[in-house]
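First up is the structure itself, then whatever we jot down about it.
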Amino acid sequence: MNLMPIDDIIIDNSYLRMDDDVESLMTSIQTVGLIHPLTLNKENKLLAGGRRYTALKKMGAKEVRVEIVDRSPLEQELISIDENLVRTPLSKLEFEKCLNRGREIYEKINPDVNKVSLSTDSLSPSQKKAKKEEESMDTTSFAAITAEKTGLSKGVIKEAIKRDALSSKRVKEARSLGELNASQASEIIKLKKKDQDEILEIIQNRPTREIKKIVETVKLHGVKEGVNQALTFKPFPAEYKDIKTPLKKLNKTLAKILIEEINYKGSELKGLLRDSRDLVGRLENFLEFHEDDEDYPQHQTSDHAPMQ
């Protein structure tokens, strides 16, 4: 460690966070001192510790403890990125940018480590299982070492890297304006960047599941067909969503009761049967309401035994 006049330190680093809101940090330094020295290169340029530098400046410090590192330009950049990822709250886009740039540098400096895949191809269940097993054994990739430092999962880190690496400039701008969220971006990046730009306006403000279907159509049939699908897509009403999951669960439970012949004769049966008859009546009305719909499945029979 070295002591250096604070005015000799050169601030020329786009990764540095020179926030003015450092009151709590100043209190900490006054109480326990500077735990982590500022990190500089041999040219006295600050690599890590922008907020600490700001706090010390505001406190009127004349000399500060520094650590001088002798590293290559890429390694110096990685030090600054690591400082951002571990210590400083970043916006989602800034965080993704730091992760992706950190990955590029780390893999260039360490060519033999496991590489973070940027593939967005759909995987079969067996492929997903194999990938999960491979990921659990990975200890050398940038995602693995960053997961250790940040507490985030490798999967979350890899998806964040993909969003920065594969998003078009317009998609990133839409996210910065709040017009697109991370889940929506994770779907649209499955397309080439020029295709992302062509459908961006069409898919904004749509649920992720709709975007997923549109993206699949574009991949199979081209942008024109994907846009046509988007323009004709009928949103699934919230009330229908509220029915779908509980109805599946109810069907499964009723099938179990009938198949296993679970018989109950207690005091609550009367109320349950009354509510069931009310439900059957409403379901029949619901089916009649939709019987003329083009895609309505006519004349289907149940796989389960009839309710007595």
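Here are a few things to note about the model shown:
- Under 5 Å, built H, 5+ apart or other chain: amide partners of Val64: Met4, Ile6
- For segment 13-18, 3J(HN,Hα) per residue [Karplus equation, 6.51 cos²θ - 1.76 cosθ + 1.60, θ = phi - 60°, Hz, x = Gly/Pro]: 7, 5, 7, 5, 9, 9
- Between the labelled values (1) 20.6; (2) 25.9; (3) 21.4, the entry that holds mean projected area of the Cα convex hull in nm² as derived from this structure is (2).
- Secondary-structure-derived ellipticity at 222 nm for the chain, considering helices only, amounts to -18500 deg cm²/dmol, per-run term -39500 (n - 2.57) for DSSP H runs with n ≥ 4.
- The Cβ shell under 15 Å around Val280 holds other residues with a net charge of -1, Lys and Arg each +1, Asp and Glu each -1.
- Derived scalar couplings between HN and Hα for segment 90-99 equal 10, 5, 4, 5, 5, 4, 5, 5, 5, 4 Hz in order, rounded to whole Hz, by the Karplus curve 6.51 cos²θ - 1.76 cosθ + 1.60 (θ = phi - 60°), x for Gly and Pro.
- Residues whose placed amide H lies under 5 Å from that of Leu180, excluding near-sequence neighbours: Arg175
- With 25 Å as the limit, the listed pairs Lys154/Lys244; Lys115/Lys224; Lys190/Lys224; Lys158/Lys248 have Lys154/Lys244; Lys115/Lys224; Lys158/Lys248 beyond it between alpha carbons.
- Segment 221-248-segment 268-294 distance, computed between alpha-carbon centres (Å): 25
- Rounded, prolate or oblate (a/c below 1.5 giving rounded, otherwise prolate when a/b exceeds b/c) for segment 24-157 by Cα gyration tensor: prolate
- Remark: relative contact order (segment 2-72) = 47 percent; criterion is Cα-Cα distance under 8 angstrom and separation of 6 or more residues.
- The stretch between Asn285 and Glu201 holds 26.4 nm of extra length on full extension. This uses 0.36 nm per residue minus the Cα-Cα distance.
- Put a plus charge on the Cβ of each Lys and Arg, a minus charge on the Cβ of each Asp and Glu, and nothing anywhere else: the dipole of segment 167-232 about its Cα centre is then about 220 debye.
- Relative contact order, percent, the chain [alpha-carbon distance under 8 Å, six or more residues apart]: 10
- Degrees between helix 269-289 axis and first principal axis of the chain (Cα, 0 to 90, nearest 10): 90
- Residue-count net charge about Glu268 - beta-carbon cut-off 13 Å; Lys, Arg +1, Asp, Glu -1: +2
- Cα gyration tensor, segment 104-260 - rounded (a/c under 1.5), prolate or oblate: oblate
- Electrostatic tally near Leu93: other residues with Cβ closer than 9 Å to its Cβ, Lys and Arg +1, Asp and Glu -1, net +2.
- Top positive-direction residue, dipole computed over the chain with Cβ charges, set Leu191, Leu34, Leu254: Leu34
- For segment 114-128, 3J(HN,Hα) per residue [Karplus equation, 6.51 cos²θ - 1.76 cosθ + 1.60, θ = phi - 60°, Hz, x = Gly/Pro]: 5, 8, 7, 6, 9, 6, 10, 5, 5, 10, 6, x, 5, 5, 4
- Zone residues, segment 101-127, relative to Glu134, backbone N less than 15 Å from point 7 Å out along Cα-to-Cβ: 113-127
- Length gained on full extension, Val69 to Phe233: 53.3 nm, using 0.36 nm per residue less the C-alpha separation.
- Separation in nanometres of the label points that stand 7 Å from Cα toward Cβ, at Thr120 and Glu148: 3.1
- Rounded if a/c under 1.5, otherwise prolate or oblate - segment 167-232, Cα gyration tensor axes: prolate
- Electrostatic dipole magnitude of the chain [Cβ: Lys, Arg +1; Asp, Glu -1; Cα centre; debye, to 20]: 320
- Farthest toward positive dipole pole in the chain [+1 Lys/Arg, -1 Asp/Glu at C-beta], among Ser168, Cys98, Ser141: Ser141
- Leading residue at positive end of dipole, the chain (Cβ point charges), from Leu118, Val223, His290: Leu118
Laboratory data are not the source of any read-out in this text; all were calculated from the coordinates shown. On a predicted model such as this, the values are computed, not experimentally measured, just so you know. Note that each Cβ is placed from the backbone with ideal geometry, even for glycine, and that neighbours are counted across all protein chains shown.
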